[in-house]
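Contents: one structure, followed by commentary.
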Amino acid sequence: SWKLKEMAVEEFIPYIQRKMADRMGDGLGYGVISGRGKSSSNAWKPEPIGIITALQAEEDTPHIVPLTKPTDGEITENLITINAIVEDNFTDTAFYVNKKTLYNRIARILDTTGRPVYLQNMTTSGTAVGKIGGLDVYIEPSMPDDYILLGDAANGYQANINKRVTLDSEDHKKERTTDYIGYAIVDGAPIDLGAFGLITITD
């Protein structure tokens, strides 16, 4: 409302704009991970084709390792062997999980020597939260629960920015309100599924 806007501290509107940009970033993350592409029946608005969507659509799903009621040892073994699924020419690989999966499934696991499989990043530099087998681990909120993605996203996925992120405002004089609007047009799809491997866990 205009009254709230007049009462707001100077930093309030930039704060709203930053939160909107964060939400838009989350939306793009969803598209890259789980986007459904274009609906043939117009059941939904066009979305990027997500990595998981493309991996699940492959015949015999060769890049997916399904684990049903796995032991800690089985999870540990597949965190290592999933590297063999990613083709040799993709070397900039990292793990992507959501926070729940990281701390419920991975962080508590110890290897045969009693050391944690997941090593938390204790420094403040960089955005990786830790490492598994020497590879960076990133928190990606768009990842489904109990899904662990290993991949070289920089070289295996292509996003096309058709319209860059725009933040705008629109005043409504009769209602005495202002809408803050974020807008962008982005499409994308995996360009080589050999860059990815996926572990799915089912209880």
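The values are calculated or read from the model by the stated rules, or taken from the named source; none is laboratory data. Here the structure is a predicted model, which is why all the values come from computation and not from measurement. Positions of Cβ are generated from backbone atoms using ideal geometry, with glycine treated the same way; all protein chains shown enter the neighbour counts. In case anyone asks, the SASA skips ligands and DNA or RNA and just uses the protein heavy atoms, side chains included. Shrake-Rupley method; radii C 1.70, N 1.55, O 1.52, S 1.80 Å.
Restricting the search to the stretch 19-53, which residues are in contact with a strand residue (DSSP E or B) (Cβ under 9 Å, 6 or more places away or on another chain), crowded, with 18+ Cβ neighbours inside 10 Å and outside any loop (DSSP other than H, G, I, E, B)? The answer is L28, G31, V32, I33, I49, I51, I52, T53. The residue of the stretch 55-99 that is surrounded by the most Cβ atoms within 10 Å (Cβ to Cβ), among those that are among the small types (G, A, S) and closer than 22 Å to A189 by Cα, is A94. Report the residue count in the stretch 177-199 for those that are open to solvent by less than 30 Å² (accessible area, probe 1.4 Å), under 30 Å from E74 (Cα atoms) and more than 15 Å from the chain's Cα centre (by Cα). Of the residues in that region, 2 qualify.
All conditions but one from (1) assigned to a loop (DSSP other than H, G, I, E, B); (2) over 14 Å from the mean Cα position of the chain (by Cα); (3) on the phi < 0 side of the Ramachandran plot apply to P141; the one that does not is (2). Checked against the criterion of being in contact with an Asp or Glu (Cβ under 6 Å, 6 or more places away or on another chain), of a type in the set (S, T, Y) and closer than 13 Å to G197 by Cα, the candidates T61, T53, T93 yield just one match: T93. In the set N155, N162, only one residue is within 23 Å of Y30 (Cα to Cα) and without any contact (Cβ under 8 Å) to a residue 40 or more places away in the chain; that residue is N162.
Would you be able to say whether some residue in the stretch 149-171 is closer than 18 Å to K99 by Cβ and in a strand (DSSP E or B)? Looking for residues that are closer than 18 Å to K99 by Cβ and in a strand (DSSP E or B), one finds at least one in the stretch 149-171, hence yes.
I16 - would you say it is in contact (Cβ under 8 Å) with a residue 40 or more places away in the chain and either crowded, with 16+ Cβ neighbours inside 10 Å or more than 17 Å from I139 (Cα to Cα) (or both)? It is true that I16 is in contact (Cβ under 8 Å) with a residue 40 or more places away in the chain and either crowded, with 16+ Cβ neighbours inside 10 Å or more than 17 Å from I139 (Cα to Cα) (or both).
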